Structure formats: C-alpha cells, structure tokens
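Below is the structure I would like to discuss, written out as structure tokens.
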Amino acid sequence: MNSESSSSTQQSADSQYEGYRFYTETIEVTRMSALAFFEAGGSDHSGKRLYWQNREKTFTLVGIGHAHVLSTNKANGRFEEIKKEWQNLCRQIVNEEHSVQPVLFGGFSFDPLNNKASEWKRFPQAYFAVPTFQLVLKGEQAFISIHLITQKQESFAEFEAMRKERDKLIHAAQVSEVDKYDKPQTTGRIELKKQAYLDSIKQVTDIIKAKEVEKVVIARTMKLEFEDVFTPTSALYQVSNEQPESFLFGLEAEDQFFFGATPERLVKVENHKALSTCLAGSTPRGKTIEKDTELGEILLKDSKNRAEHQYVVNMISEVFRANCSRTIVPKLPKLMKIRDIQHLYTPVEGDLNPGATLFDLVQVLHPTPALGGEPKLLALEMIRNYEAMNRGYYAAPVGWIDAKGDGEFAVAIRSALLDGKEAYLYAGGGIVADSTPESEYDETWVKFRPMLRALGGQLSDES
Ligand SMILES: C=C(O[C@@H]1C=C(C(=O)O)C=C[C@H]1O)C(=O)O
Ligand SMILES: [Mg+2]
C-alpha cells in the first residue's frame, strides 16, 4: 500500500519564506529497526540525524539529513522565534493535499544567559530541523517520507535522486544487524568539580533557609573517556536496552551527539489536549520486592521529597489553569518506578485554550521547579551563579511538533553529550531547606547509574 503526494504550494504570504516550495512523498514500508535506519543515514548524513521514541513506545521518529533548519543563538525570544518561523514556514509550504505533514524536531538550551565556557560547542540556543528522510513507526506500521524544502523552481531531478537515496537507506536498514553494538571500552571516569558541587549545595541550602528562595535544582557533570570513538548508534542502542520505560532521544549537531533516556514529559499536545508530568522526589529501587515497596512507601510520606514535588505540582497546575480549560490534577502523587530509581509522580492534563500552542506551553513551563526551582527566575539566577557547570541542553526541552501544532517535548535528563572519545553525563537534584550535600550527592549517583551502565562507566565493584 503506497500513499503518495508530491505538490508545491505558493501563496502570497508576507513571510520570510515567500517563494519556498515543499515537495514530499510518503510510502509505507515493512517495519524495520529504527536504529538500523538511523545507522544507515550515518554514511552520508552524519551530524544531521535525530531520534525519538515516546515513553509508551507507540511512536518512533528517525530523521536523516536536514531539509530545513531553524536555529538561533539569541538569548531572549528564542521560543517565540522558533514558534513564529515554524508557523510561517508551515503557512507557506503545507497544504491539505499533503497526506503526511512535515515534522520539526529539536531542542532548546537550558539557560541562554549562562555564559560559562562549556563542552556544548556545536549546540546553538535553539536547534531544530525538518529531516530530509523521515521514518515514523506507529503501532505496527512504518512510513518513510522524503521532504524537500527549496526555493528552486525546478526540482524534479533532485527529487528523483532523493527517491533513489531513500531506497538505498531502506535496503541498508533492512539488511543490517542491530544487535552488533558493543559497550565502549571505558578508560576514565572523572567527577568534574565535585567539591564545587558539594559546596554549592551548602551555599544554596543556606540561602533557602534564609527564605530568599524556596527550591533550587543543582546538578553536576561526570566525564567518561573511551578507548575508541563511540558512535551515536551504539550509544542509542545501549541506552534503549537499559531503559525500556523512558523517552529515548538523540540529536546530532555536527560531531556532537546529545542523547538520553528520560522518564519526564514536559508537555504533550494532541488534538488540543495537553498533558504534563510533575516528577520530583526520588529514592532508589529496593533489591527485594519487600524492600522496594518499603522504600516507595517511605518516599510517599517523606516531607523533604513531598516538598520538592509540591513546588512542581503547584507551578505546572498554575500554567495549565492559565492556558487550558478542564485542568485535572490528582490530589496526591503516585510512584513512578523505573529501573534504577523511583520518583513521586503527578500527571496533569487539560484542554488547550484556543490560541494557546505547544511552543507557548514549552516556553512557560521551562524550567519547571523539577529542574529549575521556585520562584523560577530567582532559581535560574542562583543556578547561573552557584552551579559549577553550564548545562547546555541537559534538563532542557527536547522534542517535536508537526504542522498542526501537535507534538511532545521531554525534559532532557538522564542524558549525555557524546563527543568522539568522550562523553559528559549530567545529573542533579532538587534542593530544599532540609537537603544535605551528602544525600544529594548519593541521589545523583542513582540518576547517573543507567547512563553509566549503558556506557560501560560502571566500576566492576558496582552493580
Ligand atoms: C535533576 C534530575 O532529575 C529531577 C530531579 C528529581 C529529584 O531531585 O528528586 C527527580 C526527578 C527529576 O525531575 C536529573 O535526573 O538529573
Ligand atoms: Mg530529589
């Protein structure tokens, strides 16, 4: 069964995209491994690939090549800029004849006002792309789309060449074996600025006790060194094996690759329904069922963790009440148990008000007190001043949006930046009045664990 549509649209739009045309074709293919498709794109489009799988595993998106890039290095107005450009581009190029609409995928940095030097050399403050070749796995079905966005009048030959390339990609993906990826040989594991991290927790806790701010999330970085270059496909393969119950994401920017397996949804919009997740408050999994249940029960009643969690519930509910009707917020948190850790969890949903968009929600929600703090702007300033790192895209929104405005963004935690023979891993925790540097430090170890296991950075005496 093939569904095809190739067409172009030209309207007398007053946008910056006047004269742009969109050529697209979507075919249904037999289901293939998303990772194999991602890998196949590496020979000609390395540095321009993306990967996404939702938490429920009902939707997987792989992008290869850039049909169009939207990015900015502006510190202020980056959300508005990307939102407006996407709307302008869609208005110009998308029409009803297109059976499949283009998808924009990418992310934002955590805090553009943080100007500490960092490892994030290839990532602008916002970085999105419409892929040239796009694989979508939905339920049992698989679709591959070609997207060509161009100002050229005549693109027939170019589009024909793209069809050939698509067929080669499909073939390469179908014959490749995806279980061939080994863990890297890890030669070094360095806790960067550990003392500065511990000191910052003490400083921030003192300021919270003086009631100048209520909650601030503080994070730290771990660096792994590998014997050989470790590839993005191998990295995705390893985390996907480790974390079946999370969103999986990967975003290439030239020779750097940001990826992770996060349990935290920032916001999803589907047919005007909005969903978000309050996730804060943590404890390890128990080794036995009894111990695990006991740890969970203790977490549900623990006042320090409930305080961490409640700031997030209050903030997200407030944002939803301002942007949605029929907002539903459960009164009490539940437990979200994932492989290495359990969290306090409250889902929030509502019907998006007319005029409110996914990008609007991303902008007002980011960062929630799960990754920033309360009050938001003061917490951001404290993170800038006290945290001994620059988060880059860690803890920031990463996700996708389509031409109708549906899409989903996750909070990019449990993540790492891969840079050739090195990887930078990130983990943090919510600091409230009764936090201590030692227990926060321990909590970050639990949060590092999945990524360490995936990347072979776990020492032999740890399991
Ligand atoms: C900051 C992280 O996680 C966040 C902080 C949590 C906490 O402090 O309890 C729990 C879940 C996340 O919202 C991280 O994983 O790095
Ligand atoms: Mg915590």
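Being crowded, with 22+ Cβ neighbours inside 10 Å and within 15 Å of ligand 2 (Cβ to nearest atom): is that true of Val312 here?
Here the answer is yes, as Val312 does meet what is asked.
From Ala370, Ala395, Ala403, Ala379, which residue is aliphatic (A, V, I, L, M), at pLDDT 95 or above and in contact with a helix residue (DSSP H, G or I) (Cβ under 9 Å, 6 or more places away or on another chain)?
It is Ala370.
Of the residues that make up the range 251-262, is at least one in contact with an Asp or Glu (Cβ under 6 Å, 6 or more places away or on another chain), buried (at least 17 other Cβ atoms within 10 Å of the Cβ) and touching a residue at least 40 places away in the same chain (Cβ under 8 Å)?
Yes; the residues of the range 251-262 include at least one that is in contact with an Asp or Glu (Cβ under 6 Å, 6 or more places away or on another chain), buried (at least 17 other Cβ atoms within 10 Å of the Cβ) and touching a residue at least 40 places away in the same chain (Cβ under 8 Å).
Same structure again: When you scan the range 290-305, do you find a residue that is closer than 13 Å to Pro450 by Cβ and in contact with a strand residue (DSSP E or B) (Cβ under 9 Å, 6 or more places away or on another chain), even just one?
No, every residue in the range 290-305 fails to be closer than 13 Å to Pro450 by Cβ and in contact with a strand residue (DSSP E or B) (Cβ under 9 Å, 6 or more places away or on another chain).
Still on this structure, I have one more. Looking for whichever is closer than 30 Å to Leu377 by Cβ and either surrounded by 17 or more Cβ atoms within 10 Å (Cβ to Cβ) or in contact (Cβ under 8 Å) with a residue 12 or more places away in the chain (or both) here; the options are Ala173, Ala117. Which one fits?
Only one candidate qualifies: Ala117.
So that you can scan it fast, the table gives a plain yes or no per residue for (1) at pLDDT below 95; (2) part of a strand (DSSP E or B); (3) in the same structural domain as Glu438 (by TED's automatic domain parsing); (4) under 15 Å from Glu25 (Cβ atoms):
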{"residue": "Arg166", "(1), (2), (3), (4)": "no, no, no, yes"}
{"residue": "Ile170", "(1), (2), (3), (4)": "no, no, no, yes"}
{"residue": "Tyr181", "(1), (2), (3), (4)": "yes, no, no, no"}
{"residue": "Ile218", "(1), (2), (3), (4)": "no, yes, yes, no"}
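Going by the conditions given, is Lys447 among the basic types (Lys, Arg) and either more than 9 Å from ligand 1 (Cβ to nearest atom) or farther than 26 Å from Ser303 by Cβ (or both)?
No, not satisfied.
Return the residue satisfying two criteria in turn: it lies in the range 294-309 and is within 12 Å of ligand 1 (Cβ to nearest atom) and assigned to a helix (DSSP H, G or I), and of such residues it is surrounded by the most Cβ atoms within 10 Å (Cβ to Cβ).
His309
Could you tell me which residue of the range 104-126 is farthest from Asn390 (Cα to Cα), considering only residues that are touching a helix residue (DSSP H, G or I) at 6+ places or on another chain (Cβ under 9 Å) and part of a strand (DSSP E or B)?
Leu104
Among (1) more than 11 Å from ligand 1 (Cβ to nearest atom); (2) on the phi > 0 side of the Ramachandran plot, there is one condition Gly281 misses while meeting the rest; what is its number?
(1)
Against the definition (modelled with pLDDT of 95 or more and crowded, with 17+ Cβ neighbours inside 10 Å), how does Asn390 come out, yes or no?
yes
Which of the residues belonging to the range 257-278 are at negative phi, more than 11 Å from ligand 1 (Cβ to nearest atom) and among the polar types (S, T, N, Q)?
Across the range 257-278, the qualifying residue is only Ser276.
Here's another thing I want to ask about it. Can you tell me which condition Tyr441 does not meet? The list is (1) crowded, with 21+ Cβ neighbours inside 10 Å; (2) within 13 Å of ligand 2 (Cβ to nearest atom), and all the others hold.
All conditions are met except number (1).
Give the residue, chosen from Lys291, Lys331, that is away from ligand 2 (no atom under 16 Å from the Cβ) and in a loop (DSSP other than H, G, I, E, B).
Lys331
Let me ask something else. For a quick check of your reading: which strands (runs of 3 or more DSSP E) sit entirely within the range 344-463 and have at least 3 residues that are in contact with an Asp or Glu (Cβ under 8 Å, 6 or more places away or on another chain) and within 21 Å of Gln310 (Cα to Cα)?
Ranges flagged: 422-431.
Within the range 397-437, work out how many residues are over 10 Å from the mean Cα position of the chain (by Cα), crowded, with 24+ Cβ neighbours inside 10 Å and more than 16 Å from ligand 2 (Cβ to nearest atom).
Counting residues in the range 397-437 that are over 10 Å from the mean Cα position of the chain (by Cα), crowded, with 24+ Cβ neighbours inside 10 Å and more than 16 Å from ligand 2 (Cβ to nearest atom) gives 6.
Might you let me know whether the range 353-366 holds any residue that is of a type in the set (D, E, K, R), farther than 30 Å from Pro244 by Cβ and within 16 Å of ligand 2 (Cβ to nearest atom)?
Taking every residue of the range 353-366 in turn, none turns out to be of a type in the set (D, E, K, R), farther than 30 Å from Pro244 by Cβ and within 16 Å of ligand 2 (Cβ to nearest atom).
Check the range 268-276 and report whether any residue there is buried (at least 21 other Cβ atoms within 10 Å of the Cβ), touching a residue at least 40 places away in the same chain (Cβ under 8 Å), more than 16 Å from ligand 2 (Cβ to nearest atom) and assigned to a loop (DSSP other than H, G, I, E, B).
No, every residue in the range 268-276 fails to be buried (at least 21 other Cβ atoms within 10 Å of the Cβ), touching a residue at least 40 places away in the same chain (Cβ under 8 Å), more than 16 Å from ligand 2 (Cβ to nearest atom) and assigned to a loop (DSSP other than H, G, I, E, B).
The values are calculated or read from the model by the stated rules, or taken from the named source; none is laboratory data. These numbers were taken from a predicted model, which means no experiment stands behind them. In this analysis, Cβ positions are derived from the backbone assuming ideal geometry, glycine residues included, and neighbour counts consider all displayed protein chains.
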